[in-house]
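This report concerns only the one structure given below.
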Amino acid sequence: MDKKMTIWQGDITTLKVDAIVNAANKSLLGGGGVDGAIHQAAGPELLQATKKLGGAKTGEAKITKGFKLPARYVIHTVGPIYKNGLNNEAQLLAKCYKNSLALAQKHHLKTIAFSAISTGVYGYPLDEATEICVSTVKKILPEMKNVEEVIFVVFDEPTKEVYENTFEQLGI
Ligand code: ADP
C-alpha cells in the first residue's frame, strides 16, 4: 500500500487519528503551546498517565492513551531547545520524529499526526526544522510497515507555506 504524507492546517486536538504527537517538555507534565492544548482537551486523566512515565530525555518519545481526545493515543516527544545549532539540535530533532514513528510502528498505529516539534517556544528556525522533520519522516516511513499515513499539522499560514515548499523541494 502507498504511504501518504499530508499537510493539514488546524488544531491537532481535533484530529481523529490513531496518534497525535505532542511537543512536550522533559517533565511530560504539560506546559504551554500545543502541549497545553492537548492536556486541556484530553482532560485530567492525561496528566495522571504522564505522571507515571517519569519524564523523558530530549529526543525520546513515550506513549499514553488519548483519553477525551478523538485521537486514540498521544505520543509525547521532547524537542531540543534551539541555542545556536551547535548543540546537536538537528540530530535531537530528527530523533523525535524517528522515535515517535518507531513507537507508532510498535503499537500497530496506522495514522499519525505530528505537531511542528520545537518550532514554537523552543525556538528552532522554522525552515531548518521543517527540512529535518519532513526529510526524516520521508526516509524512515518505508521501514514502518504498520504506519500508512503521516499528517504534518501546521497551526498557522506561514508554517503551512514552509511545509508546502519543503514538500516541493523533496519531491513529495
Ligand atoms: P515547542 O516548545 O516544542 O517549540 P510549541 O507548542 O511552543 O512547542 O510549538 C510547536 C508548534 O505547535 C508551533 O508551530 C505552534 O504554532 C504549534 N501549535 C500550537 N498550538 C497548536 C495546536 N493546538 N494544534 C497544532 N499545533 C499547535
Go through segment 25-53 and give me each residue that's more than 20 Å from GLN105 (Cβ to Cβ) and touching a Lys or Arg at 6+ places or on another chain (Cβ under 9 Å). LYS26, LEU28, LEU29, ALA41, ALA42, GLY43, GLU45, LEU46, ALA49, THR50
Only one residue in THR64, THR77 is among the hydroxyl-bearing types (Ser, Thr, Tyr) and either surrounded by fewer than 20 Cβ atoms within 10 Å (Cβ to Cβ) or within 26 Å of GLU131 (Cα to Cα) (or both), so which one is that? THR77
Looking at segment 120-137, which of its residues are touching a residue at least 60 places away in the same chain (Cβ under 8 Å) and either among the aromatic types (Phe, Trp, Tyr) or under 18 Å from GLN91 (Cβ atoms) (or both)? TYR122, VAL134, VAL137
Can you tell me which residues in segment 145-167 are more than 16 Å from the ligand (Cβ to nearest atom) and surrounded by fewer than 20 Cβ atoms within 10 Å (Cβ to Cβ)? LYS145, ASN146, GLU148, GLU149, PHE167
Of the conditions (1) within 14 Å of the chain's Cα centre (by Cα); (2) closer than 16 Å to ALA23 by Cα, THR159 clears all except one; give me its number. (1)
Give just the number: which of (1) out of contact with any helix residue (DSSP H, G or I) (no Cβ under 7 Å at 6 or more places or on another chain); (2) on the phi < 0 side of the Ramachandran plot does GLY33 not satisfy? (2)
Among the residues that make up segment 48-56, is at least one of them crowded, with 21+ Cβ neighbours inside 10 Å, at pLDDT 95 or above, aliphatic (A, V, I, L, M) and in contact with a Ser or Thr (Cβ under 8 Å, 6 or more places away or on another chain)? no
Residue list for segment 51-98, filter: of a type in the set (Ser, Thr, Tyr) and under 19 Å from GLY120 (Cβ atoms): THR58, THR77, TYR82, TYR97
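The values are calculated or read from the model by the stated rules, or taken from the named source; none is laboratory data. Remember, it's a predicted structure, so these values are computed and weren't measured experimentally. FYI the Cβ positions are ideal-geometry reconstructions off the backbone, even for glycines, and counts take in every protein chain you see.
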